[in-house]
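This report concerns only the one structure given below.
The values are calculated or read from the model by the stated rules, or taken from the named source; none is laboratory data. These numbers were taken from a predicted model, which means no experiment stands behind them. So basically every Cβ, Gly included, is an ideal-geometry build from the backbone, and we count neighbours across all protein chains shown.
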Amino acid sequence: MRRLFYIDYPQEHIEGQAHRYRCAFCKLETTTINGRLEGHLPTCDYRVALEKAGFECNRHSPIPHEDTADEVD
Ligand SMILES: [Zn+2]
């Protein structure tokens, strides 16, 4: 099984960083993960759970579109 984007992981707000969020498990920023399963740490509970469920990392990801969270208001 394969998905284009993996964005249903639990996220938490990065303290003191206005529009920035990170994975609640591996603590990597959403802009680093960029919707990719392999964007999480190999030890991330979310990634491990999905890999166990049979999901694969995307080896040939489409061009990642820029996250606009850092845009100046
Ligand atoms: Zn993670």
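Here's a check for you: in the stretch 7-20, which residue that is within 11 Å of the ligand (Cβ to nearest atom) and either more than 10 Å from the chain's Cα centre (by Cα) or of a type in the set (Ser, Thr, Tyr) (or both) is nearest to residue 47 (Cα to Cα)?
9
Kindly indicate whether residue 23 is modelled with pLDDT of 95 or more, surrounded by 15 or more Cβ atoms within 10 Å (Cβ to Cβ), within 15 Å of the ligand (Cβ to nearest atom) and not aliphatic (A, V, I, L, M).
yes
For the stretch 5-18, how many residues are more than 21 Å from residue 55 (Cβ to Cβ) and exposed (fewer than 13 other Cβ atoms within 10 Å of the Cβ)?
6
For the stretch 1-59, give me each residue that is among the small types (Gly, Ala, Ser) and assigned to a loop (DSSP other than H, G, I, E, B).
Answer for the stretch 1-59, where residues must be among the small types (Gly, Ala, Ser) and assigned to a loop (DSSP other than H, G, I, E, B): 16, 18, 24, 35, 53, 54.
In the stretch 34-60, which residues are surrounded by 14 or more Cβ atoms within 10 Å (Cβ to Cβ), more than 8 Å from the ligand (Cβ to nearest atom) and aliphatic (A, V, I, L, M)?
Of everything in the stretch 34-60, those that are surrounded by 14 or more Cβ atoms within 10 Å (Cβ to Cβ), more than 8 Å from the ligand (Cβ to nearest atom) and aliphatic (A, V, I, L, M) turn out to be 37, 48, 50.
Given the conditions (1) surrounded by 15 or more Cβ atoms within 10 Å (Cβ to Cβ); (2) more than 11 Å from the ligand (Cβ to nearest atom); (3) over 9 Å from the mean Cα position of the chain (by Cα), which single one is not true for residue 31?
It fails just one condition, (3).
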